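Down below is the structure, laid out as structure tokens.
The values are calculated or read from the model by the stated rules, or taken from the named source; none is laboratory data. What you are looking at is a predicted structure, and each value in this text was computed from that prediction instead of being measured. Glycine also receives a Cβ, built like all others from the backbone with ideal geometry; neighbour counts cover every protein chain displayed.
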Amino acid sequence: MSASSESISRRNLLASTAILLVTILGRQAYSRTYSGGVLPWEPSGTQPPVPVRPGPWLYFTTDEAATVDAIVDRLIPPDGSGPGGKGAGCAVFIDRQLAGSFGDSRHLYMHPPFANGTPSQGPQSPIVPKERYRTSLAALDEYCKATFAGKSFAALSTAQQDQVLSALEKGEIKLSDGSGKEFFESILQNTMEGFFADPIYGGNRDMIGWRLIGFPGARYDYRDWIERYNETYPLPPVGIMGRADWNTPG
Amino acid sequence: MAKKLPAKDVVIIGLGWTGSILGYEMAKAGLEVVALERGPWRDTATAFPSTYAQDELRYDFHHDLFVQTKQTTLTFRNKADQTALPIRSWASFLPGNGVGGAGVHWGGQTWRFLPTDFRLRSHLKERYGKKFLPQDMTIQDWPVNYDELEAYYDRFEKLCGISGKAGNLRGQIQGGGNPFEGWRSDEYPTPPMKQPYGAMLFADAARKVGHSPFPMPAATLSQAYVNPLGMRLGQCTFCGFCDKFGCGNYAKSSPQTCVLPALMRFPNFSVRTESEVLRINLDGTGKRATSVTYVDTSGEEWEQPGDLILLCAFSFFNVQLMLHSKIGTPYDPQTGQGVVGRNYAYQTVSGVNIIFKDKILNPFIAAGASGMMVDDYNGDNFDHSGLGFVGGGYMGATQTGARPIATRPVPADTAKWGSGWKRATAETYRKALRLTVHGSCYSYRDCFLDLDPTYKDRFDRPLMRMTFDFHDNELKMSDHLTNRLADIARAMNPSEIAVAPRKGPYTVTVYQSTHNTGGTAMGTDPTTSVVNRYCQSWDVSNVFIPGGASVFPQNHGYNPTDTVGALAFWTADAIMTKYLKSPGPLVQS
């Protein structure tokens with residue numbers, strides 16, 4: 001929803017006080033009153049996802065995108081069962097996530113001080129995901145070029161890529177930005193999100209992830225199947241936007 | 001300077017389950033009622049329609065229905081000698097936000113506490129002797145008993161249309177129900193749900209081992225239902241997006257499906273959303289609340305005067321508002337004196353994961369409250385002599401779906417990525433099942449809530465600070481019960497089994513449950529409770545905390561919502577029949 005339609009749809013708290021506010025502050029009261037007698041109904045009272053469209057990278061540079069495409073395709077490799085992380089659009093998913101509210105932790109409590117706590121207290125880093133990706137991807141290429149005769153991560157053989165990822169996972173490589181294992185865990189988590197989230201977010205292309213495991217997606221009604229025990233559910237997956245073969249070409 | 005608004009008879013803080021129920025009862029009696037709600041208006045058709053409610057990333061991972069930690073959070077530490085740090089992203093528990101509160105995204109598992117739970121300390125002392133309990137365990141009897149609450153449980157269950165099978169009708173044990181439950185004056189309003197394959201396999205094995213399995217009491221309804229307020233609920237479709245999600249199908253009992261449309265008919269009721277209460281204001285004597293100060297999203301402060309203030313926020317936010325409003329004496333863990341923040345408790349959840357070689361479970365076909373259960377090891381349903389712990393829990397096949405970002409079981413020796421992981425995930429997904437122990441968590445002297453000395457919210461108020469860890473009693477209980485669950489799991493003949501009792505220390509990084517209890521305990525003694533048996537503040541008699549889980553003196557082996565709803569009706573009745581006739585303390589301290 002655009003900012004202007006949002007402010008138009010906001011209602012005044014009380015007519016008199018709202019006039020006061022508009023007069024004094026030049027803006028409306030940002031509280032809404034729903035008075036009894038009418039059941040309120042508001043279109044777009046929440047923020048539905050905006051479908052990801054194909055197109056240029058929104059956050060990654062071309063080099064970063066090449067590295068991420070290479071990483072996600074090792075985390076989830078293409079094989080006889082179908083495409084891997086790259087073919088599923090996991091890098092596109094991560095790019096759009098980093099460009100959005102996830103990337104700058106805008107919904108999270110980010111007040112200092114940032115102290116190192118115990119593992120049970122949870123992450124305490126002031127570094128938001130988009131910064132972490134930027135510095136760690138650069139540091140990863142730096143590491144690869146120093147270790148593999150000037151080759152970037154994307155230029156390594158798949159065996160070498162697996163070797164680097166495995167060492168990152170075990171905490172055996174400390175990247176120059178101070179990360180390593182943490183970055184690996186972040187990108188593994190985000191890759192899995194991309195592979196298994198609704199295709200509306202740019203990953204799980206053609207519902208590759210869901211078809212791999214037999215998850216029917218955003219189906220709404222299994223009442224006819226609840227007592228069909230030990231039988232494979234027969235229908236293909238659907239997403240929030242339906243399925244490709246429901247849509248008319250053009 | 002806050003702008004003063006015209007006075008109301010009743011000011012409700014938070015419009016979730018308890019706020020909706022109290023709002024309805026007060027408005028029906030003709031009182032002028034206003035509710036102040038921190039989050040937005042939410043209704044089924046626009047906020048979580050079935051066309052896009054099934055979005056795992058948005059709701060489970062990006063927390064779209066929950067309070068954003070940017071709005072407010074807590075700080076946390078395991079022990080009082082550590083420095084508490086903010087929970088920057090939720091995981092262990094998920095407080096709700098907006099109209100409906102956590103009642104929007106709960107799973108719908110709707111249990112009564114046992115009759116012995118309500119007189120826990122007395123009962124354990126009578127059965128096992130004075131020295132049986134750990135020294136630092138601060139459990140206490142509830143100030144109400146099961147017999148008194150039964151009619152109110154019944155009322156809440158009829159409001160919701162709960163699906164289930166009675167195990168004890170007026171003292172007569174019924175086949176197919178929970179034989180351990182307290183007596184019920186009536187059957188469940190709707191029949192039990194149909195069950196997924198995994199739940200039926202569990203039930204067969206439990207019978208083989210000698211238990212009496214029964215269907216989970218469910219607020220995910222087995223059939224269409226019209227409640228006493230005339231609200232029409234639909235039939236659950238087992239879509240598998242329930243707990244952590246809103247129900248687009250009008251099939252899960254919530255304030256939206258059970259109360260709000262009826263409540264909004266009253267012209268003497270209104271709700272102001274996006275209005276965060278900062279504090280309850282007291283008069284010069286400190287014994288009477290005069291108004292509530294809240295702030296809208298532009299930062300403007302408003303003062304809403306009212307005769308009766310009902311604190312209906314989520315559990316620890318009730319505690320926080322009592323502390324910010326300086327109502328009641330804050331708890332001091334050094335001396336054990338004081339009451340606000342005392343007896344914070346949680347839930348001790350653990351599990352057994354199994355994988356079958358050749359059974360197709362279709363685990364994504366489930367509801368938030370589908371499943372078959374066993375209650376032999378709850379509360380004091382079994383002899384604790386020689387076991388070295390008290391408490392217990394129910395156990396069973398509680399899997400509420402298999403949304404694939406979160407739920408992708410693989411055999412134990414599988415890598416977390418790569419081709420081996422991919423093959424194992426594809427092979428295992430439809431053949432794996434999670435079984436759960438839902439265990440009690442008793443209260444201790446060193447588990448409490450207070451205000452953080454360092455971290456502030458966006459209004460510069462100290463955040464709530466949680467000091468909590470699991471004690472040996474709970475860990476031993478979890479070990480014992482999880483192994484009893486494993487006995488049943490083995491009788492299901494899985495090809496692989498992973499037994500995972502709860503281990504310490506408690507961590508806020510792993511989801512367990514949003515069953516945060518205590519901090520404004522109800523009781524008979526003002527030196528060990530914040531509110532009396534009618535959920536009325538001992539200190540300020542026109543402030544009530546009508547049934548939020550913050551009034552629990554400890555947490556038992558069941559989900560809290562049924563007891564929360566029952567206490568809401570219990571408090572509403574006390575206000576209508578006692579308080580309004582003669583405003584003042586309903587119990588003399």
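Looking only at the stretch A:204-250, which residues are more than 22 Å from the chain's Cα centre (by Cα) and among the charged types (D, E, K, R)?
Of everything in the stretch A:204-250, those that are more than 22 Å from the chain's Cα centre (by Cα) and among the charged types (D, E, K, R) turn out to be A:Asp221, A:Arg223, A:Asp224, A:Glu227, A:Arg228, A:Glu231, A:Asp245.
Please count how many residues of the stretch B:407-445 are within 26 Å of B:Ala205 (Cβ to Cβ), within 9 Å of another protein chain (Cβ to nearest Cβ) and in a loop (DSSP other than H, G, I, E, B).
Qualifying residue count for the region: 1.
Go through (1) within 11 Å of chain A (Cβ to nearest Cβ); (2) surrounded by fewer than 24 Cβ atoms within 10 Å (Cβ to Cβ); (3) at pLDDT 95 or above; (4) more than 19 Å from the chain's Cα centre (by Cα) and name the single condition B:Asp60 misses.
For B:Asp60, the exception is condition (4).
So which residues in the stretch B:126-167 are surrounded by 17 or more Cβ atoms within 10 Å (Cβ to Cβ) and free of Cβ contacts under 8 Å to residues at least 60 places away in the same chain?
B:Tyr146, B:Glu150, B:Asp154, B:Gly164, B:Ala166, B:Gly167, listed by residue number.
If you take the residues in the stretch B:264-304 that are more than 8 Å from chain A (Cβ to nearest Cβ) and of a type in the set (Asp, Glu), which one is nearest to A:Leu39 (Cα to Cα)?
That would be B:Glu276.
Which ones in the stretch B:283-315 are within 21 Å of B:Ser537 (Cα to Cα), of a type in the set (Val, Ile, Thr) and in a loop (DSSP other than H, G, I, E, B)?
Result: B:Thr285, single match.
Just the residues that are more than 9 Å from every other protein chain (Cβ to nearest Cβ) and surrounded by fewer than 21 Cβ atoms within 10 Å (Cβ to Cβ), please, taken from the stretch A:87-102.
A:Gly87, A:Ala99, A:Gly100
Taking B:Trp106 and the conditions (1) farther than 30 Å from A:Pro112 by Cα; (2) more than 14 Å from chain A (Cβ to nearest Cβ); (3) not in a loop (DSSP other than H, G, I, E, B), which numbered condition does it fall short on, given that it satisfies the others?
Checking B:Trp106 against (1) farther than 30 Å from A:Pro112 by Cα; (2) more than 14 Å from chain A (Cβ to nearest Cβ); (3) not in a loop (DSSP other than H, G, I, E, B), the one that fails is (3).
Here's the yes/no breakdown for (1) at pLDDT below 95; (2) part of a loop (DSSP other than H, G, I, E, B); (3) not charged (D, E, K, R):
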| residue | (1), (2), (3) |
| --- | --- |
| B:Phe93 | no, yes, yes |
| B:Asp117 | no, no, no |
| B:Ile139 | no, yes, yes |
| B:Trp142 | no, yes, yes |
| B:Ala151 | no, no, yes |
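Which residues, counting only those in the stretch B:447-460, are in contact (Cβ under 8 Å) with a residue 12 or more places away in the chain, surrounded by fewer than 17 Cβ atoms within 10 Å (Cβ to Cβ) and not in a strand (DSSP E or B)?
B:Arg458, B:Phe459
Can you tell which of A:Leu188, A:Leu137 is within 14 Å of another protein chain (Cβ to nearest Cβ) and surrounded by 17 or more Cβ atoms within 10 Å (Cβ to Cβ)? Break it down stepwise before answering.
Numbers: A:Leu137 fails: within 14 Å of another protein chain (Cβ to nearest Cβ).
The unique qualifying residue is A:Leu188.
For residues that are small (Gly, Ala, Ser), outside any helix (DSSP H, G or I) and within 8 Å of another protein chain (Cβ to nearest Cβ), tally how many sit in the stretch A:191-212. Walk me through how you get there before you give the answer.
Filtering the stretch A:191-212 down to residues small (Gly, Ala, Ser) leaves A:194, A:197, A:202-203, A:209.
Cutting the leftovers down to outside any helix (DSSP H, G or I) gives us A:197, A:202-203.
From what's left, within 8 Å of another protein chain (Cβ to nearest Cβ): A:197.
So the answer is 1.
In the stretch B:193-228, what count of residues is obtained for those that are of a type in the set (A, V, I, L, M), away from chain A (no Cβ under 13 Å) and either surrounded by fewer than 24 Cβ atoms within 10 Å (Cβ to Cβ) or in contact with a Cys (Cβ under 6 Å, 6 or more places away or on another chain) (or both)?
The qualifying residues number 4.
Scan (1) outside any helix (DSSP H, G or I); (2) over 18 Å from B:Asp117 (Cβ atoms) for the single condition B:Thr528 breaks and write down its number.
(2)
Of all residues being farther than 27 Å from A:Pro51 by Cα and surrounded by 24 or more Cβ atoms within 10 Å (Cβ to Cβ) in the stretch B:31-57, which is modelled with the lowest pLDDT? Just the residue, please. Full working, then the answer.
Here is the first cut: in the stretch B:31-57, the ones farther than 27 Å from A:Pro51 by Cα are B:31-38.
Restricting the remaining residues to those that are surrounded by 24 or more Cβ atoms within 10 Å (Cβ to Cβ) gives B:33-38.
On the way: B:Val33: 98, B:Val34: 98, B:Ala35: 98, B:Leu36: 98, B:Glu37: 97, B:Arg38: 94.
Step by step, filter the stretch B:31-57, then rank; the result is B:Arg38.
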